[in-house]
1. Can you tell me, using C-alpha contacts under 8 Å and at least 6 residues apart, the relative contact order of the range 142-213 as a whole percent?
2. Roll a 1.4 Å probe over the protein chains and send me the accessible area per residue for the range 44-151 in Å².
3. Among 142-153, 42-53, how do they line up by average Cβ neighbours within 10 Å per residue, starting with the highest?
4. State, to one decimal in nm, how far the label point of residue 136 lies from the label point of residue 124, with both points 7 Å from Cα in the Cβ direction.
5. Expressed in nm to one decimal, what extension gain is obtained for the pair residue 171 and residue 86 from 0.36 nm per residue of sequence separation less their Cα-Cα distance?
6. What is the gain in length, in nm to one decimal, between residue 161 and residue 116 on full extension, counting 0.36 nm per residue of separation less the C-alpha to C-alpha distance?
7. Rounded, prolate or oblate: which fits the range 139-230, taking a ≥ b ≥ c as square roots of the Cα gyration tensor eigenvalues, rounded meaning a/c under 1.5, else prolate when a/b beats b/c?
8. Label-point separation (nm) for residue 27 and residue 74, each offset 7 Å from Cα along Cα-to-Cβ?
Amino acid sequence: MRWCGFLLFFALVAPVLAQQVVVQKDYVDLRTGPGRGYPVVEVALKSDSLQLLMQRTGWVKVQFRQQQLWLAATDLDYLYPPGAEQSITALWQADQGQRHWQLGLAAGDFAGTSYYQLSGSYLFSDVIAIELSAGQGSGQQASSQQYLLQLSVSPWPHWQVSPYLALGGGVLLTRPRTVLVQTEERTSPLATMEMGLNYPLTERAQATLRYRRALVSTDRDINEETNTWLIGLRLAF
């Protein structure tokens, strides 16, 4: 199940269209690598066209005259989409400022059982977000439900593949499936730590790959630990 999730994730995010922009500055330097220590090998002049490919910290990989080179992220202030009156940076900031909510749907594996999750997130900024989720697991011996509240931090939101870390907690409801013996339902508090990757598919949609480890408090002396793997989509609105 886990390997299927990885394969499906990369199949979803592989086809990505590059962003076309036009230089609106006298010139921008293009280097062989993402750093000041790499030499300048090309100069894009005003009205030249570039394709933005990916961002790494303070540098952006671009396609220029059949070469893949790097420019400083600060130069994005001088790159405009064709026909636009604002830079790509200004347009992105305006677009992000209007989208504080995300709706997510994911599927995967929870402790060896099939698991499905619906979530809603509020973005305080492009770095910090809070998410409320409800999940349903189904196995041969028991079914389960999780209700979680998590706070996430994405340190590098402008990366093409953006990692994040989330901490939170909630409750786990377990309903055993027994026929001969009547077993009571269990409600257990849990604490969670989640890591994941976000990848933009369109301006509003992104694919997500998520791994969550939870500590489940039980009536026994030893608490339980569970693992959850998820692949899904988020839609901003």
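The values are calculated or read from the model by the stated rules, or taken from the named source; none is laboratory data. Fair warning: this is a prediction, and the values are worked out from it, not measured in the lab. Reconstructed Cβ throughout: ideal geometry from the backbone, glycine too, with neighbour counts over all protein chains shown. Accessible surface is based on the protein model in full, side chains and every heavy atom, while ligands, DNA and RNA are left aside. Shrake-Rupley method; radii C 1.70, N 1.55, O 1.52, S 1.80 Å.
1. 29 percent
2. Working: 5760 Å² over 108 residues.
I get 53 Å² per residue for this part.
3. On the way: 142-153: 17.3, 42-53: 15.3.
So the peptides 142-153, 42-53, ranked by packing, come out 142-153, 42-53.
4. It is 3.3 nm.
5. Details: separation 85, 0.36 × 85 = 30.60 nm, distance 4.66 nm.
So the extension gain works out to 25.9 nm.
6. Numbers: separation 45, 0.36 × 45 = 16.20 nm, distance 2.33 nm.
Separation in residues times 0.36 nm, less the Cα-Cα distance, equals 13.9 nm.
7. Working: a/c = 3.51, a/b = 2.17, b/c = 1.62.
Prolate, because a/c is 1.5 or more and a/b exceeds b/c.
8. Here the modelled spin labels are 1.8 nm apart.
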